[in-house]
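In what follows, a structure is listed as structure tokens, so that the remarks can point back to it.
The values are calculated or read from the model by the stated rules, or taken from the named source; none is laboratory data. Treat the numbers as computed from the prediction; the structure is a model and nothing was measured. So basically every Cβ, Gly included, is an ideal-geometry build from the backbone, and we count neighbours across all protein chains shown. Ligands, DNA and RNA are excluded from the accessible area calculation, which covers all protein heavy atoms including side chains. Shrake-Rupley method; radii C 1.70, N 1.55, O 1.52, S 1.80 Å.
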Amino acid sequence: MTSAQIIYLIAVAIYLVFFLLFSRFFIWKHYADRVYWRPRPRLSLPGLVRLAAERGATLPFISVMVPARNEADVIEKTIEHMAALEYPADRFEMVVVTDQKELLEREEQRKAVVGGALGFFVGGVIARGGREELIQSLVTAAVARLGLRCWVRADARYSQLVPEDPRRDLSWDRLESLVAEIADDLVTAKGRLSLEKLFRRLRRALPGRDDGHIERVFPNYLGLALPVAATVFGLSWRHGERYTEQLLARAAYAHHRVTRQILKTLVQGLSELMAAEIETLLARGQMRKFLGEVFDSRFPTTQQLVKASADRLAAAPGRPRLVHLDVPYDFDGRVGGECLGRSIPSTKGRALNFALTYLGEATEICGFYDAESRPDPKVLLYVAYRCLTEPTRPRIFQGPVFQVRNFYEMGPFCKIAALYQAIAHDWYLPSLLRKLPFIGGTNLYIERSLLMQIGGYDDSCLTEDLELGTRAYLRAGVWPEYLPYSSSEQTPATLKAFYRQRLRWGYGHLQVMDRIRAHEQAPAAQAHLIWRRLFVKGNVEWVLYQAATFVPPAVIVLYWLGAVDPKILPGEVRLGLHLFSLIYFFFTFYAYYRYGPYLDHTARPAGRAGQLRTLAQLFLLPLATFFFPVPYSSALVLKHLNRGPLDWVKTPRTKE
């Protein structure tokens, strides 16, 4: 046997070992289905009330807590979803925790952006200063408001150019916002028309309408947005007319009812009226005030949206209470802490510790979700059911999180990572919880008394959730229980954001190991056991999986160099090994269809070509597999160099 044949056999052995490791998914699935998913009780609110009455107990009061700093893009829909959870409205509340720093930063931002937009209208150029995108959006929104005002005033002249009145579909505020969003997309892309983005905007603005309806009505909204984009182009660049022509040319094919002549008439007429409106505002010195009003409506703070949601819920009978807490900029981050008079870095743990201090005495269970979470409607019923059936046992419930909702707006690598993480939470997490007290920061329920006993969250840890789970076990002897009700959430849409999030998770994992070593109150045997298991699930597996990603390219290079001889195995065996690879692709497509109900389908591509393009991205699985361990192996290297991330950074959201 030659060295080239030995190298090939070693590569085949490694391949088979990792295929067997992959096959564990099906063992995990069998265990999760048998122990948790299939035995779930059939729950209903009347049945649960009867159970509580039979046991002489009341349903536990649950406070669902949502930290939300700079979450204006997602918080309203989250509150609407949480308010619809199946549970008596008088036995649970939503607690949204915002951060005072957002308001302080917004005031500075408001001055800078309004000033930059005013300079644009005076000078026709957006000054550079790190806020160009916000200034551009404010300019577009301001012109959109003027454009709709002009369109209504000249209704007799232009209404016949828009086949159906868009005001029949949307409120005035939503129409203004939608026109601004579409025009902003066009301006940002310098005239390129993205039908997929346009469909996404309209599906979200017109929920419940099918794509046939969307296709019929989108010329109405496009016809109003084009003059706005054309006006901004004309003000922004000397070649505005050329860009306007490109814009018209790209839009003319969009629908047979929108002819080039209709678009041209609407663009020219409304652009002239808008230019006159802008000149009038500038001449009267009213442009700054006008821009400030548009800024406030275009870029609301999380606090403003939460307050508006609280007012709506308070006015509707039978709805749960929404409590809004705003963390002071100088809060020290401890449960029952104090304000220090100086700015303290914001973290998720700090916000939740502040909220724990202000919970009412009635709260028995604390639930935790992220600002874009969509939990199963029956999750509170299940938590209450478990507390009623085993009332003396302190509880931590950790449910699976399917981070796939913004699937259609992710890059291809992030798409594949999101699908496999959903599978892991669905099938693997129940088995993991047999070995580690692992908890995540969302779809999590903990008894309030336990939280107070162990001192709440460690606000300085990058993975405050994992740290809390290990501390709850080491200090109070409480182990998490799997919660067989899922929550859908988002995965970072870009590779950079994905890497930063996973790097924080990896480095935080190593931080927790350091804290366990320094934990003086924990029994030594228990602390060592948890530390050893964290070491295996972290350091050992990260190095193993990262090293495995180098095997296929190394074998390919050696084969090109003639250092690998596959002929040691019969051709039929080699063919079978190649066919094994297809299993990974079939499994990936299976995951895509399995978690399809959790995707935000308003963002799906328009047409079959777009759908096929999405599916084609899943064939990048081999490249994505190489990247998956990189953030975690990077965390190991940075930890060794003592140069890891020290600050807690919020994961960016996709607007919904």
> Tell me, which residue of the stretch 456-498 that is closer than 27 Å to Thr625 by Cβ and among the acidic types (Asp, Glu) is surrounded by the fewest Cβ atoms within 10 Å (Cβ to Cβ)?
Replying inline: Asp465
>> Show the residue pairs meeting these rules: Cβ distance below 8 Å; 6+ apart or different chains; first residue within the stretch 330-345 and without any contact (Cβ under 8 Å) to a residue 40 or more places away in the chain and under 15 Å from Val97 (Cβ atoms); second residue open to solvent by less than 30 Å² (accessible area, probe 1.4 Å) and among the basic types (Lys, Arg).
In response: Phe331/Arg350; Ile344/Arg350
> Among (1) touching a Ser or Thr at 6+ places or on another chain (Cβ under 7 Å); (2) at positive phi, which single condition is Gln546 missing?
Replying inline: (2)
>> If the requirement is being open to solvent by 40 Å² or more (accessible area, probe 1.4 Å) and not polar (S, T, N, Q), which of these qualifies: Ala180, Ala141, Ala156, Ala205?
In response: Ala156
> Out of all the residues in the stretch 381-394, which are open to solvent by 10 Å² or more (accessible area, probe 1.4 Å) and either at pLDDT 95 or above or of a type in the set (Ser, Thr, Tyr) (or both)?
Replying inline: Tyr382, Tyr385, Thr389, Thr392
> Hey, among Ala275, Ala314, which residue is within 27 Å of Asp99 (Cα to Cα) and more than 27 Å from the chain's Cα centre (by Cα)?
Replying inline: Ala314
> How many of the residues in the stretch 64-117 are part of a strand (DSSP E or B), farther than 23 Å from Pro345 by Cβ and of a type in the set (A, V, I, L, M)?
Replying inline: 2
> Looking at (1) buried (at least 23 other Cβ atoms within 10 Å of the Cβ); (2) in contact with a Leu (Cβ under 9 Å, 6 or more places away or on another chain), which is the one condition that is false for Leu51?
Replying inline: (1)
> Considering only residues of the stretch 118-135 that are in contact with a helix residue (DSSP H, G or I) (Cβ under 8 Å, 6 or more places away or on another chain) and in a loop (DSSP other than H, G, I, E, B), which is most open to solvent (accessible area, probe 1.4 Å)?
Replying inline: Val125
> Do we find that Phe368 is farther than 27 Å from Phe331 by Cβ and open to solvent by less than 10 Å² (accessible area, probe 1.4 Å) in this structure?
Replying inline: no
> If a residue has to be more than 20 Å from Phe628 (Cβ to Cβ) and not in a helix (DSSP H, G or I) to count, how many in the stretch 530-568 make the cut?
Replying inline: 5
> Listed residues Gln521, Gln526; which is outside any helix (DSSP H, G or I) and either at pLDDT 95 or above or surrounded by fewer than 19 Cβ atoms within 10 Å (Cβ to Cβ) (or both)?
Replying inline: Gln521
> Got a number for residues in the stretch 148-179 being within 11 Å of Asn220 (Cβ to Cβ) and part of a loop (DSSP other than H, G, I, E, B)?
Replying inline: 6
> Among the candidates Gly337, Gly360, Gly333, Gly411, which residue alone is farther than 24 Å from Leu466 by Cα, over 19 Å from the mean Cα position of the chain (by Cα) and not hydroxyl-bearing (Ser, Thr, Tyr)?
Replying inline: Gly360
> Of all residues in the stretch 569-579 being loosely packed, with under 13 Cβ neighbours inside 10 Å and closer than 30 Å to Trp427 by Cα, which is farthest from the chain's Cα centre (by Cα)?
Replying inline: Gly576
> Restricting the first residue to the stretch 454-479 and requiring it to be without any contact (Cβ under 8 Å) to a residue 24 or more places away in the chain, which pairs with a second residue that is open to solvent by less than 10 Å² (accessible area, probe 1.4 Å) and assigned to a helix (DSSP H, G or I) meet a Cβ separation below 7 Å and a spacing of at least six or different chains?
Replying inline: Ile454/Ala472
> Considering the stretch 507-550 alone, what residues qualify as being of a type in the set (A, V, I, L, M), more than 18 Å from Tyr632 (Cβ to Cβ) and touching a residue at least 12 places away in the same chain (Cβ under 8 Å)?
Replying inline: Ile516, Ala522, Ala527, Ile530
> Only one of Phe413, Phe407, Phe397 is hydrophobic (A, V, I, L, M, F, W, C) and open to solvent by 20 Å² or more (accessible area, probe 1.4 Å); which?
Replying inline: Phe413
> Can you find even one residue in the stretch 559-568 that is at negative phi, among the β-branched types (Val, Ile, Thr) and loosely packed, with under 12 Cβ neighbours inside 10 Å?
Replying inline: no
> Here are some residues: Met513, Met452. Which one is open to solvent by 20 Å² or more (accessible area, probe 1.4 Å) and among the hydrophobic types (A, V, I, L, M, F, W, C)?
Replying inline: Met452
> Taking the stretch 595-625 as the search range and keeping residues that are touching a residue at least 60 places away in the same chain (Cβ under 8 Å) and farther than 23 Å from Lys197 by Cα, which one is nearest to the chain's Cα centre (by Cα)?
Replying inline: Ala624
> Inside the stretch 59-78, can you point out the residues that are open to solvent by 10 Å² or more (accessible area, probe 1.4 Å) and either farther than 22 Å from Leu356 by Cβ or under 17 Å from the mean Cα position of the chain (by Cα) (or both)?
Replying inline: Pro67, Arg69, Asn70, Ala72, Asp73, Glu76, Lys77
> Val122 is checked against (1) more than 23 Å from Ser373 (Cα to Cα); (2) at pLDDT 95 or above; (3) among the β-branched types (Val, Ile, Thr) and fails just one. What number does that condition carry?
Replying inline: (2)
> Out of the residues in the stretch 19-37 that are open to solvent by 50 Å² or more (accessible area, probe 1.4 Å) and over 30 Å from the mean Cα position of the chain (by Cα), which is nearest to Pro484 (Cα to Cα)?
Replying inline: Arg34
